[in-house]
Amino acid sequence: MGKSFGFGLIGAGMISQMHAEVVNRLPNAHLAAVTAVPFEAARSFATRNGGDACQDVRALLSHPDVEVVVLGTPSGLHPEQAVAAAQAGKHVLIEKPIGVSLAGADAAIAAAKQAGVKLGVVSQRRFDPPCRAIKQALERGEFGRCVLINGFVKYYREPSYYSSSNWRGTWALDGGGALINQGIHTVDLVRWMGGPVKSVTGFARTLSHDIEVEDTASAAIEFESGALGCIQSTTSASPGLHISVEVLGDKGSAILKDSDIVFWKTETSDCAPSQEGPKTGSGSRDPMAFSASGHAAQFEDFLKAIAENREPLVTGQDGRDTLELVLAVYEASRSGRVVHLPL
Ligand SMILES: NC(=O)c1ccc[n+]([C@@H]2O[C@H](COP(=O)([O-])OP(=O)(O)OC[C@H]3O[C@@H](n4cnc5c(N)ncnc54)[C@H](O)[C@@H]3O)[C@@H](O)[C@H]2O)c1
């Protein structure tokens, strides 16, 4: 029998349920413990999924079998919980976003570095075979000079999605709305594919929900490479459509729709390279209507990173870069100005 990593989950909500299912399917992992507020939620979660229910974060972090902590809590709590996990000597995988402020992100990254533990940020779409195919073609220069890299998230969320939660749609704990929560995966893909961003302008508005944060955002960006791009994200597009990412260059272009490449043409190929493997899909109307395949691939990579003592494929810095781009759009919207990065 090889090593089995003990996982401690902080949070017992929607995404933690997926985390438990992923951990329980991995051959080299097991669910050791869970904590949530109220404790009763952790107890029923442990009954369903296994592991010990812990009274609070401190108890979970001192559980002797917990080696890897996964944060599935409201986004504004991520940095302080990541710092506590790192200081307890645990590797920590943080659900997106890494936090809601750059100061929080920096504190989490610094704590992991100081403790010598691995820190990763969930961005499961980077593990989708079609996204990797586009990224690899970009690295080979197959699209030539990239001129536009665009990302669109045309989702719908019922009013009850916000009203039934004490944290969604709040500045303090969600950090914003459609862009930082639903849009961040696509922002991450655009940033990953297009590279560092030089400047941003845009608007974030609350158009159809009774919430304090935006339900619709639209931004124009300029990459350091000189390419331009556009990011839009909404939770107000009924009935809930799709996400898409467009990479357009002077030697070829590709368009991703949800988890499928729907257009691909370069000077050497009229069809996308084979994209074997399971795909994530899209939560265009139902927040959890996507598959666990991306999470499974990312959890596997995270364990390999620990075993091989290397950085995971999505690092804390990656999570920070994506958060910085989101925050730049908010700043541009507030100030009505072009915002230059780094912030
Ligand atoms: N990767 C993805 O596609 C994806 C999808 C959904 C959610 N998320 C992210 O996961 C996080 C959680 O989202 P969710 O939809 O599961 O939320 P949720 O409201 O369903 O669950 C939040 C959980 O956090 C627990 N919690 C709250 N305060 C706590 C505290 N102080 N200590 C311990 N536990 C506490 C609650 O008990 C609850 O179980 C968010 O950051 C969200 O952005 C990521």
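Scanning region 182-199 for residues that are closer than 9 Å to Ser233 by Cβ and of a type outside the set (Gly, Ala, Ser) yields Gln182, Ile184, Thr186, Val187.
Could you list, in sequence order, all residues of region 103-117 that are away from the ligand (no atom under 14 Å from the Cβ) and assigned to a helix (DSSP H, G or I)? Those that are away from the ligand (no atom under 14 Å from the Cβ) and assigned to a helix (DSSP H, G or I): Ala103, Asp106, Ala107, Ile109, Ala110, Ala111, Ala112, Lys113, Gln114, Ala115. Screening Leu228 against (1) surrounded by 24 or more Cβ atoms within 10 Å (Cβ to Cβ); (2) in contact with a Leu (Cβ under 6 Å, 6 or more places away or on another chain) leaves a single unmet condition, (1).
For region 321-330, the criterion of being part of a helix (DSSP H, G or I) and without any contact (Cβ under 8 Å) to a residue 40 or more places away in the chain is met by no residue. Does any residue of region 274-294 turn out to be surrounded by fewer than 20 Cβ atoms within 10 Å (Cβ to Cβ) and assigned to a helix (DSSP H, G or I)? Within region 274-294, one or more residues are surrounded by fewer than 20 Cβ atoms within 10 Å (Cβ to Cβ) and assigned to a helix (DSSP H, G or I). Number of residues in region 156-190 that are part of a loop (DSSP other than H, G, I, E, B), within 16 Å of the chain's Cα centre (by Cα) and at negative phi equals 10. Kindly establish whether Leu256 is farther than 21 Å from Ala204 by Cβ and crowded, with 21+ Cβ neighbours inside 10 Å. Answer is yes for this residue. Being more than 19 Å from Val68 (Cα to Cα) and either outside any helix (DSSP H, G or I) or not assigned by TED's automatic domain parsing to the domain that holds Cys230 (or both) is a property that does not hold for Pro312. Counting only residues that are closer than 30 Å to Pro278 by Cα, in contact with a strand residue (DSSP E or B) (Cβ under 8 Å, 6 or more places away or on another chain) and touching a residue at least 60 places away in the same chain (Cβ under 8 Å), region 95-129 holds 9 of them. Considering the conditions (1) more than 17 Å from the chain's Cα centre (by Cα); (2) more than 22 Å from Leu179 (Cβ to Cβ), Ala103 is excluded by exactly one of them, (2).
The values are calculated or read from the model by the stated rules, or taken from the named source; none is laboratory data. Please read all numbers here as calculations on a predicted model, not as lab measurements. Reconstructed Cβ throughout: ideal geometry from the backbone, glycine too, with neighbour counts over all protein chains shown.
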